[in-house]
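All remarks here apply to the structure that follows.
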Amino acid sequence: MAQEIKNGEKMILVSGGPDFYFIVLAAVRYAIGRMTYAPSLVIEWCKTNRAALPDGIWRNIKEELDNEIRRDDRVRATGQEGCYPLGTNYDRASWISFRNWLAETFSLVDG
């Protein structure tokens, strides 16, 4: 059962279980590459609700971001113009920052 906890002005949804974890992973996957407010919304939600998910889920998210960052690097290296896997330069910077935050916050080192 979900609980809402007041954290300043934000309401944090705290839950657990496979369905909840799937929804969070799906939201992250959906937001990757979107050139809308979705990336910033999902990233902010994840940071605010970091205690709602076990480290294994954060590890999965980081690994997916690592893969998408590498894919984005490959596409950009071709000089191709247009849509990139991580979206605009601004979106890319947000995802890289989030990936680095995950690595630091959850001690998720490469290798």
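The values are calculated or read from the model by the stated rules, or taken from the named source; none is laboratory data. Everything quoted here is computed from the prediction, not taken from an experiment. Note: ideal-geometry Cβ built from the backbone for every residue, glycine included; neighbour counts use all protein chains shown.
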Region 27-69, residues that are farther than 12 Å from F98 by Cα, of a type in the set (F, W, Y) and assigned to a helix (DSSP H, G or I): Y30
Restricted to region 74-111 and to residues being among the acidic types (D, E) and within 17 Å of M35 (Cα to Cα), the residue surrounded by the fewest Cβ atoms within 10 Å (Cβ to Cβ) is E81
For C46, state whether it is out of contact with any strand residue (DSSP E or B) (no Cβ under 9 Å at 6 or more places or on another chain) and at pLDDT below 90. no
Exactly one condition in (1) within 14 Å of F98 (Cβ to Cβ); (2) at pLDDT below 95 is not met by D72; state its number. (2)
Which numbered condition trips up V24, out of (1) surrounded by 13 or more Cβ atoms within 10 Å (Cβ to Cβ); (2) outside any loop (DSSP other than H, G, I, E, B); (3) over 11 Å from the mean Cα position of the chain (by Cα); (4) at pLDDT below 95? (3)
